[in-house]
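Participant: Pasting a structure here, questions to come.
Computed from the coordinates by the stated procedures, all read-outs in this text should not be read as laboratory data. In this text, all values refer to a predicted model and were calculated from it rather than measured experimentally. Cβ: placed from backbone, ideal geometry, glycine included. Neighbour counts: every protein chain shown.
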């Protein structure tokens, strides 16, 4: 089976540094994707890779926030039990966080106002091997290089990521490796400078 991947752009306004909090995916030590992009979650299998771009924020270049390898797919109710820290809730500033949209009984959480609930609770993704740009200098470099990297990987010109790859795009094995290598090079570059 050939490894594949997908790159996905967050909704407009969502940027971990300059916009709204990105609640799905969660890109921590054990990354997850819970409710967004049910079409992509349905298609991936363990071993595939997912990459995420920040959403459009006026005057701010979008960037590849990070990515991870798919380890497993489970139900939202099982995720509710396994990852209490990912349950849907409001933060102190009023923004929503958490990517588990069910309550303890598996019903739609009151804070989840999207339609197609049944379709969105299947295929909760647990990831492994995350590579995420988190430091300000990594993010700055990511913003500088993302458009160039996407143009090279997709062999297509465009003024913004959406013009190159649409809202989401499938990646072949070579493109997955190119994206992972680029993200790892940014992380390594700043580790070398710090030491």
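Participant: Given 73, 78, which one is assigned to a strand (DSSP E or B) and either free of Cβ contacts under 8 Å to residues at least 40 places away in the same chain or surrounded by fewer than 22 Cβ atoms within 10 Å (Cβ to Cβ) (or both)?
Facilitator: Numbers: 78 fails: assigned to a strand (DSSP E or B).
Only one candidate passes the filter, namely 73.
Participant: Can you confirm whether residue 164 is part of a helix (DSSP H, G or I) and free of Cβ contacts under 8 Å to residues at least 60 places away in the same chain?
Facilitator: yes
Participant: Right, another one. In the range 90-110, what residues are under 21 Å from the mean Cα position of the chain (by Cα) and either in a loop (DSSP other than H, G, I, E, B) or closer than 14 Å to residue 80 by Cβ (or both)? Explain how you work it out, then say what you get.
Facilitator: Residues of the range 90-110 under 21 Å from the mean Cα position of the chain (by Cα): 90-91, 95-102.
If the condition is that a residue be under 21 Å from the mean Cα position of the chain (by Cα) and either in a loop (DSSP other than H, G, I, E, B) or closer than 14 Å to residue 80 by Cβ (or both), then 91, 95, 98, 99, 100, 101, 102 are the ones that fit.
Participant: Next question, about the same structure. Residue 80: in contact with a helix residue (DSSP H, G or I) (Cβ under 9 Å, 6 or more places away or on another chain) and under 21 Å from residue 187 (Cα atoms), yes or no? Lay out the reasoning, then the answer.
Facilitator: Working: in contact with a helix residue (DSSP H, G or I) (Cβ under 9 Å, 6 or more places away or on another chain): yes; under 21 Å from residue 187 (Cα atoms): no.
No.
Participant: Here's another thing I want to ask about it. Given the structure, is residue 83 over 20 Å from residue 183 (Cα atoms), in contact with a strand residue (DSSP E or B) (Cβ under 8 Å, 6 or more places away or on another chain) and without any contact (Cβ under 8 Å) to a residue 60 or more places away in the chain?
Facilitator: Judged against the criteria, residue 83 is a match.
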